[in-house]
Each structure stands twice: as C-alpha cells, then as structure tokens.
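First the structure, in the form of structure tokens, and then the observations on it.
The values are calculated or read from the model by the stated rules, or taken from the named source; none is laboratory data. Remember, predicted model here, so these are calculated numbers, not experimental data. Note that we place each Cβ from the backbone using ideal geometry, even for glycine, and neighbour counts take in every protein chain shown. Just so you know, the surface numbers come from the protein's heavy atoms only, side chains and all, with ligands and any DNA or RNA stripped out. Shrake-Rupley method; radii C 1.70, N 1.55, O 1.52, S 1.80 Å.
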Amino acid sequence: MTDQHGELDAALERVIDAARAHLAAVRAAQGRIDDDNVWQAYVALNNASFAYDEQLLDAFGEVTPWDVESIDPDEADERFGGEGVEATDPHPRVISVRQRRDYRVPSVAALLRVAEAARREGTPEEDEPAPVEGVGEAVLELLQSGDGSLSALDVPELEPLDGVVMVSEVGTPVDLESFDDDDPVGPFQPAADDRLVGRLDEHPFLELDSEHDHDHAH
C-alpha cells in the first residue's frame, strides 16, 4: 500500500505542476485565441487529471470532481497541425476590417423620434427615459438598441450615402484601452507595418454589376 500511496502522491504532483504550467501559458497568451502553448498545456493538465482520477479510483474507490477523458497527444498535435506550423504558416493571424458609411438626415425631428422610441423600448416601465439630444446620440441609440452593426441604421429616417470597407493584415489586434474615448483617429489609424489587402467601395441604389461599383485590390 505504501507504493500505491507514493504513486498517488506523484500523480497529484503532476496535476499540480500541469495546472501551474497551464496558468503560465494562459497568462503568456494574453487572451489570444487558439494559442498553441495554451492548448498543449491544457492537454497535459487534462491527462494528468485523468490519470490521478483513475489511480484514486483503483486505490480507494473514490473519484475527483473532474469529469475528463484522456486526450491522445498525437491527436492534440493535429489540432494545431503539428509542431512548427506557426513559424511556417504564410497566412496572417490578425485581420483588420475597417468600415465607414455616411448618411444624410432628411429630417432631424423624425430621426430623434425613432431614436427616442427605441430608447423607450429598452427602458424599464417604471423609469422615464432621458430625451435623445442630437443626431449623433440618435444614431448611437439606434446602434445600441439594435445588434450593433450598421444594419441597425437601415431606417427610413437615415438616407445612406457612399461607404467604404478596407481589409488589412495587421501585426497585433487593436488595444482599445490605449485610446481615449473621445479619440476619433487612434483606433482607426493603420500602423506602419499594416498591409492593406483591398478596398471595397459601396454605392447605394446602384446595381451590383454597375460599372460604377469599384473594387480596388492591392
């Protein structure tokens, strides 16, 4: 039984070491999605937990709260295409899509009314919604009360003008915390190493196959 105790202790230490390694990988990734090191550390922690659970069951008929299944390390490598993929993958890891759409306001009063109606709809019945003050606030209210995309502005009270969409390959994702809330340029300013892939010009009320519809590729 002494050897069994020693094996359990060793298995538990492997779980603790794997948990620490996983935490270190998560911290180093800083929120990056599909980080290879995080995934590998996750697999190691998963398998160490599974092994400890199995040994505890064999020794004492007890189980841990961890409901895990063993992961084949080879299959885990295939999850990211094997080692060295990050260094040889020619495709960028971050893509930036910048969009601008301008609108004409035929009637300011009509736009304010529809924005106030949207605000009233999203305000609890026992509260009195604050009035919408100005065109800009009206547009923000429509975006917030909708799905946050420009489709929320497809209302008769706004007449769409030209727009543009620009797709760029960028080195790092935008860090919104580094820009003031009233900074109109910073979040949209391309960095020196950004590479513009293409630009799509949007013209309202024109057929898609119109000769006036431009698609600039770079």
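Quick notes on this structure:
- Stretching the chain fully between Ile71 and Arg101 yields a gain of 6.0 nm (0.36 nm per residue, less the alpha carbon separation).
- Measuring only protein heavy atoms, the 1.4 Å probe finds Trp66 accessible over about 100 Å².
- Estimated at 0.36 nm per residue, the fully extended path between Ala19 and Glu7 surpasses their Cα-Cα distance by 2.5 nm.
- Alpha-carbon centroid distance for the pair the stretch 115-173 / the stretch 1-53, whole angstrom: 46 Å
- Spin-label model, Asp201/Gln144: points 7 Å from Cα along the beta carbon direction are separated by 3.6 nm.
- Taking label points 7 Å from Cα along the Cα-to-Cβ direction, Leu56 and Glu126 give a separation of 4.6 nm.
- Summing charges over all other residues whose Cβ lies under 13 Å from the Cβ of Asp127, with Lys and Arg as +1 and Asp and Glu as -1, gives -2.
- Net length gained if the chain between Ser178 and Ala109 were fully extended (0.36 nm per residue, minus Cα distance): 21.2 nm
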